[in-house]
Amino acid sequence: MTRSPTRRRFLQAAGGITLLAVGGAIWRAHDREVFVTPSGAPYDPWTLWNSSEYKNTPVALVAAGILASNPHNTQPWIFRLSDKQIDILADTSRNLGSFDPYLREMHIGLGCAIENMVLAAPANGYGTEVLFEEGSLLEIEKSGLVHAATIRLVDMQDRADPLYDAIPLRHTNRYAYDRERGFPEDLLRRLTAASGNEYVALSLFTEGEAFDALGRAIIEATEEIVADHAMIEDSHAWFRDGPDEMEKERSGLALDTAGLSPALLAAAKFLPALPAEQSHAAWLGQTRDSHVPSAALLGVISVRNRYDRPQSLAAGRLWQRIHLEASAASIAMHPLNQPVETIDRERELGKEAKSEARLTAITKDASWQPTFVFRAGYPTRSALASARRSVETVTEKT
Ligand SMILES: Cc1cc2nc3c(=O)[nH]c(=O)nc-3n(C[C@H](O)[C@H](O)[C@H](O)COP(=O)(O)O)c2cc1C
């Protein structure tokens, strides 16, 4: 059978288009690093953190501090250094808007950085004294750099804290956990023993009524956030669209750490970024179908006053410590702070405090105010490191 000239031309054109499409797809896959583990300058701080260049200087403490947990990877910090002290400043321009209207989560993140810095001090020949800025988050100036705390440094020879080595191992793990394996008893005991003072408390749940109700509260709060246009737009502003944007910003959230399966991750990286509504709808699906049902443990950090500045910093220090303890024991953790984010949002909008009541019904003690909720368990996959701005970018020398 001979092909007609028209049919031949059609087949040639179709072949050309297919080649172009394949070429384009390969180019896009390459450009978006679809099959590549993220690397390069934004991830260098995870290996440079204990570099000999910084050893026994205050910069070494900052290099550990910037690896801390922090809300939406906003890295809302500036460190002002002198020989004798480090001032930690909240960079209020890096705020989450309606997601964190009182900069409460920002201060928890600063507390996380402070904990890493204190842990890095003995390994670098320093003893520390930490002084928190007093006052209320409800009255804080929300512009420019706001002083949050000072770490005073004194020369001291001390043994490094065992948690120091866990600093670069700690990553937020958003994959499903293996609930069947439960939670290691010894770690549960250590976390319970290490936690708390008269201002900060840790509650841990592995089963029962409170565990189930907390799981439901997390899902309900996520539904409420997803229905709140301003919240998801403010959250979306910190989603980075591909490696070029991450290279430039070195902060914010990337698909690589979103807890997607390898196939879904490749597809999501290949395709154009989803708009805020769709990406947050996917997040709700993950929360409902994976994060909550696969959790072996749910935890709550509470304080006496959620809007007290020192208490927010102290809550962050505790969270960082717990997460490091877990990382050292190869246990995954993941903040699921939606039920507290909706408390702030209702307050900001002057709405009835339903979210507050929802959590008090679970904790059954209104004298403690939840400020941070998380899950934990044996991981089914290991989590990757997220990007960080460099030490130089976030340091000022006086
Ligand atoms: C106060 C606070 C709230 C957070 N809330 C959430 C959350 O609700 N969901 C989530 O997936 N991660 C949450 N995180 C984790 C951060 O997104 C994460 O620490 C940041 O992206 C840096 O990544 P890394 O922890 O892997 O270094 C929170 C962290 C902090 C300190």
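At a glance:
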quantity: The listed residue being of a type in the set (Ser, Thr, Tyr) and closer than 30 Å to Ser367 by Cβ, out of Ser235, Ser203, Ser261; calculated: Ser203
quantity: Counted residues, the range 147-171 - those being buried (at least 19 other Cβ atoms within 10 Å of the Cβ) and among the charged types (D, E, K, R); calculated: 1
quantity: Qualifying residue in the range 199-207 (condition: in a helix (DSSP H, G or I) and either within 16 Å of the ligand (Cβ to nearest atom) or not β-branched (Val, Ile, Thr) (or both)); calculated: no
quantity: Residue within the range 302-317 that is over 15 Å from the mean Cα position of the chain (by Cα) and surrounded by fewer than 17 Cβ atoms within 10 Å (Cβ to Cβ) present; calculated: yes
quantity: Strands (runs of 3 or more DSSP E) contained in the range 295-398 and holding at least 1 residues within 14 Å of the ligand (Cβ to nearest atom), touching a residue at least 40 places away in the same chain (Cβ under 8 Å) and not assigned by TED's automatic domain parsing to the domain that holds His72; calculated: 297-303, 332-335, 369-377
quantity: The range 245-277: number of residues that are in contact (Cβ under 8 Å) with a residue 60 or more places away in the chain, of a type in the set (D, E, K, R) and away from the ligand (no atom under 16 Å from the Cβ); calculated: 2
quantity: Checklist (1) within 25 Å of Lys248 (Cβ to Cβ); (2) more than 12 Å from the ligand (Cβ to nearest atom); (3) surrounded by fewer than 24 Cβ atoms within 10 Å (Cβ to Cβ) applied to Thr57, failing item; calculated: (1)
quantity: Sole exception among (1) within 14 Å of the ligand (Cβ to nearest atom); (2) in contact with a His (Cβ under 6 Å, 6 or more places away or on another chain); (3) not basic (Lys, Arg) for Glu105, by number; calculated: (2)
quantity: Qualifying residue in the range 318-330 (condition: of a type outside the set (S, T, N, Q) and closer than 17 Å to Leu103 by Cβ); calculated: yes
quantity: Residue among Leu214, Leu138 that is under 24 Å from the mean Cα position of the chain (by Cα), in the same structural domain as Leu61 (by TED's automatic domain parsing), touching a residue at least 24 places away in the same chain (Cβ under 8 Å) and part of a helix (DSSP H, G or I); calculated: Leu138
quantity: Residue check, His72 farther than 18 Å from Pro45 by Cβ and within 13 Å of the ligand (Cβ to nearest atom); calculated: no
quantity: Residue that is surrounded by the most Cβ atoms within 10 Å (Cβ to Cβ) [pool: residues in the range 96-146 that are over 20 Å from Ala314 (Cβ atoms) and aromatic (Phe, Trp, Tyr)]; calculated: Phe99
quantity: Residue list for the range 68-94, filter: touching a helix residue (DSSP H, G or I) at 6+ places or on another chain (Cβ under 6 Å) and surrounded by fewer than 24 Cβ atoms within 10 Å (Cβ to Cβ); calculated: Thr74, Ile78, Phe79, Leu81
quantity: Complete set of residues in the range 195-209 that are among the small types (Gly, Ala, Ser) and crowded, with 19+ Cβ neighbours inside 10 Å; calculated: Ala201, Ser203
quantity: Selection from the range 235-254 of residues that are in a helix (DSSP H, G or I) and under 12 Å from Ala387 (Cβ atoms); calculated: Pro243, Glu245, Met246, Glu247, Lys248, Glu249
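The values are calculated or read from the model by the stated rules, or taken from the named source; none is laboratory data. Just so we're clear, the structure is a prediction, and the values are computed from it rather than from any experiment. Cβ sites come from the backbone with ideal geometry, for glycine too, and all protein chains shown count toward neighbours.
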